[in-house]
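The values are calculated or read from the model by the stated rules, or taken from the named source; none is laboratory data. Being a predicted model, the structure only gives us computed values, none of them experimental. Cβ: placed from backbone, ideal geometry, glycine included. Neighbour counts: every protein chain shown. With ligands, DNA and RNA removed, areas are computed over all heavy atoms of the protein, side chains included. Shrake-Rupley method; radii C 1.70, N 1.55, O 1.52, S 1.80 Å.
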Amino acid sequence: MSKVFELWNTVGGAFGPSGREDAVREAIAAIAGEYIDDITTDALGNLICRKKGAGKKLLFAAHMDSIGVVATYIDEKGFIRFSPVGGLFKGDLINIQVRFAGGTRGVISYEEKTPFKDITLDNLFIDIGAADRADAERRVQIGDFAVFDAPRFEQNGVLCGPYLDNRIGCVTLLLAMERLAQQETENDLYFAFTAQEEVGLRGAGAAAFAVEPDIAVAVDVTDTGDLPERKTPMAVDMGRGPAVKVMDRSVICTPEVCAALEQAAAACGIDVQREILQFGGTDTAALQKTRAGVQAGAVSIPTRYIHSPSEMCAVSDVEAAARLLEKFALQK
């Protein structure tokens with residue numbers, strides 16, 4: 001297995017829905033500590049790693065939280081109703097397994113009397129095999145969070161499993177940090193592993209406010225346009241290199257940063273794609289709007305089936321993105 005998979009298996013396997021990122025932060029800190037000068041954690045739970053330099057402040061950010069669900073009600077038969085934590089689509093949830101922080105596992109299913117076309121998240125429930133409400137409450141409490149419980153694997157240079165979004169962005173930063181660890185860097189480098197991106201880009205704004213960067217670059221996943229009969233055309237394919245974001249629904253990236261990222265890619269022989277994401281957004285928007293404004297851009301990992309338990313990306317795209325970030329960090 002590749003080093004990319006090994007890192008993702010460690011970081012991706014940690015329990016960490018939005019607002020509950022502690023285990024992910026601890027896993028990342030244990031790896032990152034070898035590569036940087038200091039590590040801090042702020043009040044929102046962002047992990048901020050610094051490699052000191054006297055030049056420009058560059059901030060690289062990848063969110064470490066994931067989507068999930070939170071228990072909101074337990075009925076008399078022990079079935080658990082829930083609310084989404086982040087963006088969920090019903091088609092990705094039917095009869096999948098989830099795991100609560102305490103280790104209890106369950107299956108999401110739906111009210112079968114409702115025609116499937118009319119089903120919403122309100123018609124779904126979690127079955128933990130409880131005999132009744134009292135039995136369920138011994139294992140799950142109202143307010144407990146759960147995440148997808150599915151295997152992660154690597155096959156033919158492709159990763160598949162839950163929470164590539166955005167633990168693979170975290171892996172990309174760790175790989176870049178490792179490459180930079182033994183090099184002298186003129187720039188003052190910050191690597192922020194941010195909290196609560198999936199529920200409103202909350203952590204990134206706080207991290208950037210504290211760092212006051214000259215330039216900020218987010219690392220996240222992006223959708224692809226390479227599936228059969230794709231409804232929305234998109235000029236990004238899995239396996240053809242990382243993507244430099246031009247814009248999404250939340251941000252228009254700084255042209256000078258986009259150009260500098262493409263120049264860094266060309267300098268190290270990396271093919272990149274240009275990304276325009278028509279739905280959704282990333283930490284880039286929060287980074288850009290910090291204080292009086294920050295020059296901001298983003299590097300994205302092309303990923304299929306985002307927000308499902310079976311996301312998919314290419315190892316080569318992750319490796320290339322790490323090399324791109326290394327080169328960008330060394331630019332004067």
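Model label sites at S2 and A30, defined 7 Å from Cα along the beta-carbon direction, differ in position by 2.3 nm.
A simple rule links phi to the HN-Hα coupling: the Karplus curve 6.51 cos²θ - 1.76 cosθ + 1.60 with θ = phi - 60°, which for the stretch 239-247 gives x, 9, x, x, 10, 9, 5, 8, 6 Hz, with x for Gly and Pro.
Compute the longest continuous run of the chain that contains no exposed chymotrypsin sites (Phe, Trp or Tyr not before Pro); treat a site as exposed when its DSSP state is not H, G, I, E or B and it has at most 12 other Cβ atoms within 10 Å. Could the numbers behind the result be given before it?
Working: sites that count: F89, F279.
Longest site-free region, per DSSP loop and neighbour criteria: 90-278.
The value given for the chain is a Kirkwood hydrodynamic radius of 20.2 Å, derived from the mean inverse Cα-Cα separation. Of A27, W8, G53, which is farthest on the positive side of the dipole of the stretch 3-53, counting Cα position, with +1 on Lys and Arg Cβ, -1 on Asp and Glu Cβ, and the Cα centre as origin? Checked the options; the winner is G53.
Among Q288, Q196, Q183, the largest mean-square fluctuation in a Gaussian network model of the chain, built with springs joining Cα atoms closer than 10 Å, belongs to Q183.
On the protein heavy atoms, probe 1.4 angstrom, tell me the percent of accessible surface of the chain carried by carbon and sulfur.
Values: 6890 of 14130 Å².
It is 49 percent, rounded to a whole number.
Among the GluC sites (Glu not before Pro) in the stretch 197-286, those located in a DSSP loop and surrounded by at most 13 other Cβ atoms within 10 Å of their own Cβ are E229.
For the stretch 132-239, trypsin sites (Lys or Arg not before Pro) meeting the loop criterion (DSSP other than H, G, I, E, B) and having at most 15 other Cβ atoms within 10 Å: R138, R230, K231. Annotation: for a label point projected 7 angstrom from Cα along Cα→Cβ of A267, residues of the stretch 176-198 with backbone N closer than 13 Å are 185-187.
Looking at the chain only, what percent of DSSP beta bridges run antiparallel? Nearest 5 please. Bridges in the chain are about 60 percent antiparallel.
Compared with the dominant Cα axis of the chain, that is its longest principal axis, helix 255-267 is turned about 80°.
Projected label points at D135 and V246, each 7 Å from Cα along the beta carbon direction, are separated by 5.7 nanometres.
Cross-link list K51/K332; K3/K245; K77/K117: which exceed 18 angstrom alpha carbon to alpha carbon? Present the calculation step by step, with values, prior to reporting the outcome.
On the way: K51/K332 16 Å; K3/K245 26 Å; K77/K117 26 Å.
Listed pairs above 18 Å: K3/K245; K77/K117.
Between the amide H of V217 and those of L59, F60, A61, G297, distances stay under 5 Å, these residues lying 5 or more places away or on another chain, with hydrogens modeled in the peptide plane. Each residue of the stretch 158-172 is assigned a 3J(HN,Hα), and the resulting list reads 10, 9, 8, x, x, 6, 4, 7, 10, 5, 6, x, 5, 4, 4 Hz, derived from the Karplus form 6.51 cos²θ - 1.76 cosθ + 1.60 (θ = phi - 60°), x at Gly and Pro.
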